[in-house]
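A quick write-up on the structure given underneath.
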Amino acid sequence: MAQPPRIVIFAKAPVAGLAKTRLVPALGAQGAARLAAALLQHAVAQALASGVGPVELCVTPAPRDPVWSGLMPQAQLSWSDQGDGDLGERMARAPQRALAAGSPVLLMGTDCPELTAGRIREAAASLLAADATLVPAFDGGYVLLGLNRFDASLFAGIAWSTATVAQATRARVEQLGWSLQTLPTLHDIDEPADLQWLPADMQSAR
């Protein structure tokens, strides 16, 4: 890798009725939003603490929206707008932009409190010897995708928020003939049953 990896955190504003809506039956809209904010802050803190490279927060709504005011350490982050389109189109733009600028990319979400600075460093190290690296989630999705190369097929036609996302992504990587490093599977916090995996310091955010 000629340049250090760029960590791109794909995030939705922690607003009631917008964020973590599948947790609303268990936590209520405000409780789900509070937890979303805690998860977002954790993801940013771990990305910054990993020290592997610059950290970009790719958000919806756009960074200029007042909802983001005071939520994040602005000086330590670069910000970008997810833009329009379906989830796959929005997800594809961030790694495409970073790779076009010559940086490998680690694309991560905000739903996994087990994705620590150490695990982010492990993912970055794995890109030294692979075209792509994947950190799967136990629900069948993934919590991090690292790329040294870009192809739109990794994001097009994926049935997002289903149990087939990681499997489909691995299949696309294999079809491209790329080398893939798969790291240990972690727990996402998406459904009420996932709340058991919240660390103690996040329980109060519920």
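For the reader, a short list of remarks on this structure follows.
- Among (1) in contact with a strand residue (DSSP E or B) (Cβ under 9 Å, 6 or more places away or on another chain); (2) open to solvent by 60 Å² or more (accessible area, probe 1.4 Å); (3) within 24 Å of Ala100 (Cβ to Cβ), the one test that Asn148 misses: (2)
- Residues of the range 51-69 that are farther than 27 Å from Pro4 by Cβ and not charged (D, E, K, R): Pro61, Pro66, Val67, Ser69.
- Looking across the range 84-97, not a single residue is among the small types (Gly, Ala, Ser), in contact with a strand residue (DSSP E or B) (Cβ under 9 Å, 6 or more places away or on another chain) and at pLDDT 95 or above.
- The range 160-198: number of residues that are surrounded by 12 or more Cβ atoms within 10 Å (Cβ to Cβ) and part of a loop (DSSP other than H, G, I, E, B): 15
Listed here are the residues, each with its yes/no results for (1) of a type outside the set (Asp, Glu); (2) surrounded by fewer than 23 Cβ atoms within 10 Å (Cβ to Cβ); (3) closer than 30 Å to Gly53 by Cβ.
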{"site": "Arg6", "(1), (2), (3)": "yes, no, yes"}
{"site": "Leu18", "(1), (2), (3)": "yes, yes, yes"}
{"site": "Arg22", "(1), (2), (3)": "yes, yes, no"}
{"site": "Ala26", "(1), (2), (3)": "yes, yes, no"}
{"site": "Ala38", "(1), (2), (3)": "yes, yes, yes"}
{"site": "His42", "(1), (2), (3)": "yes, yes, yes"}
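- Residues of the range 157-186 that turn out to be hydrophobic (A, V, I, L, M, F, W, C), more than 23 Å from Ser126 (Cα to Cα) and more than 17 Å from the chain's Cα centre (by Cα), as a count: 0
- Residues of the range 58-77 that turn out to be open to solvent by 40 Å² or more (accessible area, probe 1.4 Å), touching a strand residue (DSSP E or B) at 6+ places or on another chain (Cβ under 9 Å) and more than 13 Å from Val15 (Cα to Cα), as a count: 3
- Any pair with Cβ under 6 angstrom, 6 or more apart, that starts in the range 10-38 at a residue that is in contact (Cβ under 8 Å) with a residue 40 or more places away in the chain and ends at one that is acidic (Asp, Glu) and crowded, with 16+ Cβ neighbours inside 10 Å: Arg22/Asp190
- Of all residues in the range 102-133 being without any contact (Cβ under 8 Å) to a residue 60 or more places away in the chain and not in a helix (DSSP H, G or I), the one that is surrounded by the fewest Cβ atoms within 10 Å (Cβ to Cβ): Ala129
The values are calculated or read from the model by the stated rules, or taken from the named source; none is laboratory data. Because the structure is predicted, anything quoted here is derived from the model rather than measured. Cβ sites come from the backbone with ideal geometry, for glycine too, and all protein chains shown count toward neighbours. The accessibility values were calculated without ligands, DNA or RNA, using every heavy atom of the protein model including side chains. Shrake-Rupley method; radii C 1.70, N 1.55, O 1.52, S 1.80 Å.
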